[in-house]
Amino acid sequence: MAVATESLEWFLPVPSVQELAIQRLDKVPLRYARDDLDQIVTNTPSIPSLRVPLIDMTKLVNPEFHEKELQKLHSACQEWGVFQIINHGVSDESLSNMKQQVQEFFDLPFQEKKRWAQKPGSLEGYGQAFVTSEKQKLEWNDMIFLKTLPLQNRSLNFWPENPQEFRKTLETYSEHMRKVSVSIVRFIAMGLGIEAEQFCDNYKEGMCEVRMNCYPTCPEPERVVGLNPHADISGITLLLECGDMSGLQVLKGEHWVNVEPVNGAIVVNLGHIMEIMSNGIYKAPDHRAVVNKSKQRLSIVTFCYPDSSVDIGPAEKLIKSGSSPVYKTITQAEYFQSFFNRKLEVSFINSLKI
Ligand code: OGA
Ligand code: NI
């Protein structure tokens, strides 16, 4: 029998949720039932004032609109930590190719997908994330997680060869996402009033990881969680919806707000690294995924990091201008070590405070 270890990098194999969904049960198995939580409200009423901000990237580069859009971005980062971008420069073709490949992958028979299954001690591959104890409640989510950039981080043995175009498409897609991360980070830095070029340079050779999520239909969506509430540990995260089903929710004050899919848009959310670099001016928002009864939802999530030689700490300029640093400055190796060896009862981000 597999034994849970302290490290979250470990995992225990659990059933495929897609395979469970095929059985057309009328109740979810007990390990998924979150009766420990308050009712999970799947249809938060859409309050118009609670819409995730939409940023138009062409306005950011247009002298006529730059100032106003930058202000909007700065407020979005301060008040939400999440926003959607349009006119991001990635072609519809690149986005739709990627969606198509991910859809085709999850449509494969289970036995075929298992060729790229996770292996003990590794997060990468097809399976379920962060299952470390026989007792823990499970999420209504199957996924495949792959490190895509830089090249030397790839473990191709986890990269599907079926569908045929998968590898090539993912490769191109992550290059595109890295470019988007560089331009967003440039504007985020401008909004903070710190050295924008230096700051975004860190992302030019940055690390990217892609997590492709499948949330199958669920007989009792109000009793399960697609993805537990969490904040990402990335610099920024870029999320692409494969369809028009909502499911991503972000915590705004005390409300879980639906992030409604916008055609052609990419959802950007700030991760802990950005929170630290901004010295806490921006926060990495808590978010989660809920599921539904009628339609499977797929999302493609790219975690972007500065390159591995960059230390994680508050931007110098913010400190020089008189505020005291809220977070320690540590190497990325130390940062990831603290994450994977953290004690679950202590908040990760608080453990990095001075
Ligand atoms: C994630 C994530 C949300 C979603 O993978 O970190 O937050 O809607 N995903 O898939
Ligand atoms: Ni996330």
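The values are calculated or read from the model by the stated rules, or taken from the named source; none is laboratory data. Since this is a predicted model, take the numbers as computed values, not measurements. With ideal geometry, Cβ positions are generated from the backbone for all residues, glycine too; neighbour counts draw on all protein chains shown. The area values use the complete protein model at the heavy-atom level, side chains included, leaving out ligands, DNA and RNA. Shrake-Rupley method; radii C 1.70, N 1.55, O 1.52, S 1.80 Å.
Key figures for this structure:
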{"read-out": "Other-chain or far-sequence residues with amide H under 5 Å of Glu260's (modelled H)", "value": "Val52"}
{"read-out": "Karplus-derived HN-Hα couplings along the stretch 109-118 (A = 6.51, B = -1.76, C = 1.60, θ = phi - 60°), whole Hz, x at Gly and Pro", "value": "x, 3, 4, 6, 4, 4, 4, 10, 5, 4"}
{"read-out": "Calculated from backbone phi, Karplus (6.51, -1.76, 1.60) coupling profile of the stretch 15-24 in Hz, x at Gly/Pro", "value": "x, 6, 6, 4, 5, 5, 5, 4, 6, 6"}
{"read-out": "The stretch 235-354, relative contact order in percent, only Cα pairs under 8 angstrom and at least six apart counted", "value": "27"}
{"read-out": "Most mobile of Lys295, Lys113, Lys135 in a GNM of the chain (Cα contacts under 10 Å)", "value": "Lys135"}
{"read-out": "Length-normalised contact order of the stretch 120-169 in % [C-alpha pairs under 8 Å, at least 6 apart]", "value": "31"}
{"read-out": "Local electrostatic count at Asn263 - Lys and Arg +1, Asp and Glu -1, tallied over other residues with Cβ under 11 Å", "value": "-4"}
{"read-out": "Fraction of alpha-carbon pairs over 18 Å apart in the stretch 194-326 - percent", "value": "59"}
{"read-out": "Linear extension gain, Gln100 paired with Lys168, 0.36 nm per residue minus alpha-carbon span", "value": "23.2 nm"}
{"read-out": "Mean residue ellipticity (222 nm) of the chain, computed from DSSP H runs ≥ 4 via -39,500 (n - 2.57), nearest 500", "value": "-8500 deg cm²/dmol"}
{"read-out": "Cα pair distances in the stretch 111-230, grouped into 10 Å bins until the bin that holds the longest one, percent each", "value": "12, 32, 30, 21, 5, 0"}
{"read-out": "Of Lys72/Lys179; Lys99/Lys283; Lys113/Lys137; Lys204/Lys283, those spanning more than 26 Å from alpha-carbon to alpha-carbon", "value": "Lys99/Lys283"}
{"read-out": "Apportionment of accessible area to carbon and sulfur, the stretch 108-157, percent (1.4 Å)", "value": "56"}
{"read-out": "Accessible surface of the stretch 178-258 [probe 1.4 Å, protein heavy atoms]: carbon and sulfur percent", "value": "49"}
{"read-out": "Residues whose placed amide H lies under 5 Å from that of Asn292, excluding near-sequence neighbours", "value": "Cys218"}
{"read-out": "Relative contact order %, the chain, counting alpha carbon pairs below 8 Å whose residues are six or more apart", "value": "21"}
{"read-out": "Restricting the stretch 95-143 to GluC sites (Glu not before Pro) in coil, as DSSP defines it, with at most 12 other Cβ within 10 Å", "value": "Glu134"}
{"read-out": "Low-density loop positions, GluC sites (Glu not before Pro), the stretch 201-246 - DSSP coil, at most 11 other Cβ in 10 Å", "value": "none"}
{"read-out": "Cβ-defined net charge surrounding Glu112, 13 Å radius [Lys, Arg +1; Asp, Glu -1]", "value": "-1"}
{"read-out": "Residues whose placed amide H lies under 5 Å from that of Gly271, excluding near-sequence neighbours", "value": "Ile236, Thr237"}
{"read-out": "Summed residue charge, Cβ within 10 Å of Gln128's Cβ, Lys/Arg positive, Asp/Glu negative", "value": "-2"}
{"read-out": "GNM result for the chain, Cα springs below 10 Å: residue of Val185, Val290, Val61 fluctuating most strongly", "value": "Val61"}
{"read-out": "The chain: most fluctuating residue of Gln111, Gln128, Gln296 per GNM, C-alpha cutoff 10 Å", "value": "Gln111"}
{"read-out": "Efficiency of FRET between Asn350 and Lys137 - r from beta-carbon atoms, R0 30 angstrom, step 0.05", "value": "0.80"}
{"read-out": "³J(HN,Hα) computed for each position of the stretch 313-322 - Karplus, 6.51 cos²θ - 1.76 cosθ + 1.60, integer Hz, glycine/proline x", "value": "x, x, 4, 3, 4, 5, 6, 4, 6, x"}
{"read-out": "Separation between Cα centres of the stretch 194-228 and the stretch 276-346, rounded to whole Å", "value": "11"}
{"read-out": "Solvent exposure of the chain as accessible area per residue, Å², 1.4 Å probe", "value": "46"}
